[in-house]
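To start, the structure under review is shown below, and the notes come after it.
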Amino acid sequence: MTDSVFPAVCELVHKHSAELAGRELEPDERIVDLGIDSLERLSLVVDIENRFGLMIDDADLSDVHTVGELAGLVRLQSAK
């Protein structure tokens, strides 16, 4: 079974940063370095929650700094 979470998260990250057009993201890239400010990050999280049908706790987000960590959090929340 292939993991579809990371590509879906990348798609949503692209939607929230015009700077990333046509650029492939790596799991270790820091979200803050991708042109996503705190307000845009909140919007990104809402889109992720809607896409995957889950609720992400703000406390869990405090440990998320990279695209890969964000995808990992989605996997973790989806498994609950």
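Results, tabulated for the structure shown:
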read-out	value
Among (1) part of a helix (DSSP H, G or I); (2) surrounded by fewer than 14 Cβ atoms within 10 Å (Cβ to Cβ); (3) not basic (Lys, Arg) - the single one His14 does not satisfy	(2)
Top-ranked residue in the stretch 32-80 [being among the acidic types (Asp, Glu) and in a loop (DSSP other than H, G, I, E, B); ranked as surrounded by the most Cβ atoms within 10 Å (Cβ to Cβ)]	Asp37
Filter result (part of a helix (DSSP H, G or I) and within 11 Å of the chain's Cα centre (by Cα)) within the stretch 17-31	Ile31
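Each value in this text was obtained by applying a stated rule to the coordinates, not by laboratory testing. Remember, predicted model here, so these are calculated numbers, not experimental data. Heads up, the Cβs are rebuilt from the backbone with ideal geometry, glycines too, and the neighbour counts pull from every protein chain shown.
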